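Undergrad: Here you go, one structure.
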Amino acid sequence: MVFPRFAKTALVLAAAACASASQDALEQLDSAFRQVYAQAKADALARSGAVLLVSGDWVLLFRHDVQVDEAVIRPALFHRLKEVAHAPLALFLVLKAPGGPGDPERLRGLRALVQGARKGLKDWCPPADQARQERILDACLELLDQGLGPGRPPPDQLAASIRALEPALRANLDQAAALELGALDRAVARFRKGMAPGEWRGVQAVISTSHMAREDEISFQYFARLLGEHREGGRIVAGEGLWEPKDALGLLATHRVDGTLGLAVFGDPGRMHRDVLADGARAWLDRWLPVR
């Protein structure tokens, strides 16, 4: 059958209208899903019970999405030890920069800061640790003096000078770790005293971390040992850069809801803890871009 031109045009417009209506309905359905999902997360938080949130210098105790207690887990000495350890790292980057350290005024400014830190050790450093801090800062002053001299230290000498500080830097970092873990353990023990046995058995931990520290993160190791967990995503959740409590708790809620969905749909509560497109991607890559 042959249709007049106007009839064909009408059919095309009608088909387009139907397609548009279908797309609108799908978009609205997806919007409804997101609203339901957000409500499910809010409900999960309301039922979350006791949650320990580690963020920066603090561990916070939440019950049903409300903060009820807190404790400092990084004392002042923790920060001072790490700050001393950072000093030679900064100098290495400055002295190793392409084209040399540049403006001598920059080196003189750094030297004044290191010298000031060296003189102020007695104000904060325990006597037993003072010699180690002096060694690190004295090495920094020596490197700065070389950089300000007629010729900066050659790359091999610079690298060797920094590497020679490794035992002292490791000792500072190990001491800082012990300070943080000791404070965290005492805080958790105090929180636990206020919990019924059933509440403690359901306690969950959320850890805010930076990108580079995410592997073997210190408080994750602590809670994994304490709670008998072997991976992230169960009773322990870790996220990068979630420094606001609402964002960190939101991640916990996401894990709870996605775990429920993963079990219901895939029979695996951990399935949605990885990209839902991962299996399809692997199949496509195996077909079109096999391993060579």
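Undergrad: Kindly indicate whether any position in the stretch 178-198 is at pLDDT below 90 and over 14 Å from the mean Cα position of the chain (by Cα).
TA: Within the stretch 178-198 (the criterion being at pLDDT below 90 and over 14 Å from the mean Cα position of the chain (by Cα)), the answer is no, since none of the residues qualifies.
Undergrad: Would you mention how many residues in the stretch 185-204 are closer than 20 Å to Phe78 by Cβ and either touching a helix residue (DSSP H, G or I) at 6+ places or on another chain (Cβ under 6 Å) or surrounded by fewer than 18 Cβ atoms within 10 Å (Cβ to Cβ) (or both)?
TA: 4
Undergrad: What residue, of Val2, Val12, is assigned to a loop (DSSP other than H, G, I, E, B) and modelled with pLDDT under 90?
TA: Going through Val2, Val12 in turn, the sole match is Val2.
Undergrad: Additional query: For the condition surrounded by fewer than 12 Cβ atoms within 10 Å (Cβ to Cβ) and either within 16 Å of Val54 (Cβ to Cβ) or of a type in the set (Val, Ile, Thr) (or both), what is the one hit in Arg231, Arg225?
TA: Within the list Arg231, Arg225, the selection yields Arg225.
For every residue, the table says whether it meets (1) surrounded by fewer than 17 Cβ atoms within 10 Å (Cβ to Cβ); (2) acidic (Asp, Glu); (3) modelled with pLDDT under 95; (4) in contact with a His (Cβ under 8 Å, 6 or more places away or on another chain).
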site	(1), (2), (3), (4)
Pro88	no, no, no, no
Pro98	yes, no, yes, no
Ala112	yes, no, no, no
Gly116	yes, no, no, no
Ala128	yes, no, no, no
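Undergrad: Further question on the same structure: Among residues belonging to the stretch 247-272 that are among the aliphatic types (A, V, I, L, M) and within 16 Å of Val36 (Cβ to Cβ), point out the one that is surrounded by the most Cβ atoms within 10 Å (Cβ to Cβ).
TA: Ala253
Undergrad: Is there a residue in the stretch 205-217 that is under 22 Å from Asp57 (Cβ atoms), surrounded by fewer than 14 Cβ atoms within 10 Å (Cβ to Cβ), in contact with a Gly (Cβ under 9 Å, 6 or more places away or on another chain) and not hydroxyl-bearing (Ser, Thr, Tyr)?
TA: yes
Undergrad: Please tell me if Ala117 is in contact with an Asp or Glu (Cβ under 9 Å, 6 or more places away or on another chain) and assigned by TED's automatic domain parsing to the domain that holds Ser161.
TA: Here the answer is yes, as Ala117 does meet what is asked.
Undergrad: Now for a separate question. What are the pairs, 6+ residues apart or on separate chains, where a residue within the stretch 114-141 that is within 11 Å of Val84 (Cα to Cα) has its Cβ under 7 Å from a residue that is of a type outside the set (Lys, Arg) and modelled with pLDDT under 95?
TA: From residues that are within 11 Å of Val84 (Cα to Cα), the pairs are Val114/Leu144; Cys140/Leu91.
Undergrad: Against the definition (modelled with pLDDT under 95, assigned by TED's automatic domain parsing to the domain that holds Ala87 and in contact with a Lys or Arg (Cβ under 9 Å, 6 or more places away or on another chain)), how does Gln146 come out, yes or no?
TA: yes
Undergrad: Of all residues in the stretch 149-175, which are in contact with a helix residue (DSSP H, G or I) (Cβ under 6 Å, 6 or more places away or on another chain), modelled with pLDDT of 95 or more and not in a helix (DSSP H, G or I)?
TA: Within the stretch 149-175, just Leu165 meets the criteria.
The values are calculated or read from the model by the stated rules, or taken from the named source; none is laboratory data. Here the structure is a predicted model, which is why all the values come from computation and not from measurement. When we count neighbours, we look across all protein chains shown, and the Cβ atoms used for this are built from the backbone with ideal geometry, even at glycine.
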